[in-house]
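Input: a single structure, listed below in structure tokens.
The values are calculated or read from the model by the stated rules, or taken from the named source; none is laboratory data. What you see is a predicted model; the values in this text were computed from it and never measured. Positions of Cβ are generated from backbone atoms using ideal geometry, with glycine treated the same way; all protein chains shown enter the neighbour counts.
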Amino acid sequence: MDSARPHERPTAFDRMLIPVQRWIWSDADRRVQKLLRFSETETDGGRDILRAAEVTSDPLLRRLYLEHAIDEFRHGVLFRHRAAALLKVSPCRSNPGFQGDWLTPGGHGLDDLQVDGESDSDMLAFLHLSEKAAASRFTVYRDVMQHDPPTRAVFEEILHDETFHMNYTLTQLARVEPKRHRRHLWRARLSRLWKVYLRLATGLAGILGSMLLAIQYFVLLPPFAWLAKRAARRELSGWTIVSPGASESLDRQY
Ligand SMILES: [Fe+2]
Ligand SMILES: [Fe+2]
């Protein structure tokens, strides 16, 4: 597909993370793992957009979604082939260490896409924002890949398509909802923000939960363990004689 407009500039947040991205992508093993994960994300996204093509009643959107899905499948293949080429040059370690996945997401965030039950306008607004995020991130990934020209070329090629996806979804949203397309965009933006908040809150809850459990383990548990050991030391070993009359009650054990 041809891009209709020049590439978007990366967002301020993505630009701020450029030094971190440079470090993350500098390691060959990490690069392979990331490319493989990106490949999965693109292929899954393509599958969802294919479903969107099936359910829409708009013939033009169906054609565009089909082309879009084919692009995403192709991106998946491009990432996988590049990862395979890198693996041939240097086999991967079993554990490539820190991946920084939350800093280098696979681009779209299309994993949040729920096709069935969505209107065309909601779908287009969601796709537009997802593709815009992908274009921003892939611009950064391309720019930090000076040390690996073939991988850089893959990002460059994919970025070209993502920019087209970003633009056609906005154009089509304006066609489908000429008066209310901005409102749909804001709603999609808020929905993405809410999902980001939920993701962060879930991550934070996991960290806090682990900290609380560690505190309980190291602070609360030792006194009980000490008391249990002391009580065990006082216990007489072996059989003990029960005094006569102590076991006559049928209401209690001793
Ligand atoms: Fe893509
Ligand atoms: Fe895309």
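The rows are residues; the columns are (1) within 15 Å of ligand 2 (Cβ to nearest atom); (2) charged (D, E, K, R).
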{"site": "Ile158", "(1), (2)": "yes, no"}
{"site": "Tyr168", "(1), (2)": "yes, no"}
{"site": "Gln172", "(1), (2)": "yes, no"}
{"site": "Arg180", "(1), (2)": "no, yes"}
{"site": "His184", "(1), (2)": "no, no"}
{"site": "Ala188", "(1), (2)": "no, no"}
{"site": "Leu193", "(1), (2)": "no, no"}
{"site": "Val196", "(1), (2)": "no, no"}
query: Quick one: Leu236 ticks every box in (1) closer than 30 Å to Ser121 by Cβ; (2) in a loop (DSSP other than H, G, I, E, B); (3) modelled with pLDDT under 85 bar one, so which box is it?
result: (1)
message: Let me confirm something: among Ser3, Ser94, Ser57, which residue is more than 13 Å from ligand 2 (Cβ to nearest atom) and modelled with pLDDT under 90?
response: Ser94
Helices (runs of 4 or more DSSP H) wholly inside segment 1-86 containing at least 3 residues that are farther than 16 Å from Phe138 by Cα: 28-55
